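This report concerns only the one structure given below.
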Amino acid sequence: MEPVVRIRGLHKSFGKLQVLKNIDLDVFESDVLVLCGPSGAGKSTLLRCINMLEHFHDGSIEVLGKGIKESHGNLSFVRKNSGMVFQHFNLFPHISVINNVALAPIHVKKTPKEKAFERARKLLDQVGLTDKYDAFPGQLSGGQKQRVAIARALAMDPKLMLFDEPTSALDPEMIKEVLDVMINLARDGMTMIIVSHEMGFAREVANKIGFLDDGKIIELTPKEEFFTNPRNDRTKEFLSKIL
C-alpha cells in the first residue's frame, strides 16, 4: 500500500535555528497519527510543511503520490485534497457560518451553489451545529467556531486532515465537543495527522503516536506500545510528567 504521506530526509530551518532534522515518516490510509512532544520540538512546523504553509530546505514530501515541491500543479492538487484545522479557527468574520463552509467548494472546486450549500448543511449537522447555519462567527463559542472550521475543511472532501493543536485555544469545557467530532472522523476512516497535547484523546483515537524532541522524531510506535513500553528515555521522561 502506498502511503498517503511520505516524508524523507526533511530539514527545515529558521535562519540559523534548525527546527526539523532529517525527518522520515510514512502515514497510510485511515492512520490517525498524533504528534506530541515539548513546545518547540517542531511538531507544528512539520505539519505545516506537509501542505507547504512552511517551505522546507532539504528532503522530500509526497502527499497522495504527488511531490509537493515538484510543481505548482502538485501543490494545488494536495491543497484541494487535504484539509487543515488551526488553533485559532481562521473563520471569515463577516459572513455566516454556512457561507464559511460553502465558500471554498464554490470558488475552488467550482461546485454549484445549491450543491455546496446542501453539503454545508449536512456537515454542520454532522458537527452538531444544526441551529447555527445563519449565525456569524462572532456569535459562537470557541468550541463552536472550531467545529465550523472542521466542517469547512471537510467540505472539500479531503483524503487527509491535518490538525494543529485544535483544542489549545479552547476553554476546558469546550474541548470535549471538538474532540468528539474528531473521534467520529477517525471511526469513519479519515486519515489524520494531529498535533496535540491531549494524551487521553491520543490514547482513545490514535493508532500511531510520534514523539518529537529537538526537531527529530525520536519515537514512532503503535499507541499501545507508546504508553506501556516506550523505548526512548526522553519519551519516558515526557510521559512521567504528563500522565
With a 1.4 Å probe and all protein chains left in place, how much of the accessible area of region 115-243 comes from carbon and sulfur atoms, in whole percent? 46
Distance in nm between pseudo-label sites at Met1 and Leu103 (7 Å out along the Cβ direction from Cα): 3.5
Please list, by residue number, everything in region 1-41 whose backbone N is under 18 Å from a paramagnetic label point 7 Å out along Cα→Cβ of Ser60. 1-12, 22-28
Folded to 0 to 90 degrees: helix 142-154 orientation relative to the chain principal axis, Cα: 90
I need the peptides 160-167, 71-78 ranked by packing, meaning the mean over residues of other C-beta atoms within 10 angstrom, with the highest value on top. 160-167, 71-78
Averaging sequence separations of C-alpha pairs under 8 Å and six or more residues apart, then dividing by the length of region 1-49, give the relative contact order as a whole percent. 33
Can you give me the distance in nm between label points at Asn22 and Asn184, each placed 7 Å from the Cα along the Cα-to-Cβ direction? 4.4
Prolate/oblate/rounded call for region 1-72, Cα gyration tensor, a/c under 1.5 rounded: oblate
For Ser141 and Lys115, what does the FRET efficiency come to when R0 = 25 Å and r is the distance between their Cβ atoms, rounded to the nearest 0.05? 0.30
Where Rh denotes the Kirkwood radius from the mean inverse Cα pair distance, what is Rg over Rh for the chain? 0.97
Given R₀ = 25 Å, FRET efficiency for Phe227-Asp171 by Cβ-Cβ distance, to 0.05? 0.40
What net charge is computed for the residues neighbouring Val4, neighbours being all others with C-beta under 10 Å from the C-beta of Val4, Lys and Arg scored +1, Asp and Glu -1? -3
Probe 1.4 Å, all protein chains present, accessible-area order of His107, His197, largest first: His107, His197
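The values are calculated or read from the model by the stated rules, or taken from the named source; none is laboratory data. Keep in mind that what you see is a predicted model, and the values were worked out from it rather than measured. For neighbour counting, all protein chains shown are included, and Cβ atoms are generated from backbone atoms with ideal geometry for every residue, glycine included. What goes into the accessible areas is simple: the full protein's heavy atoms, side chains included, and nothing from ligands, DNA or RNA. Shrake-Rupley method; radii C 1.70, N 1.55, O 1.52, S 1.80 Å.
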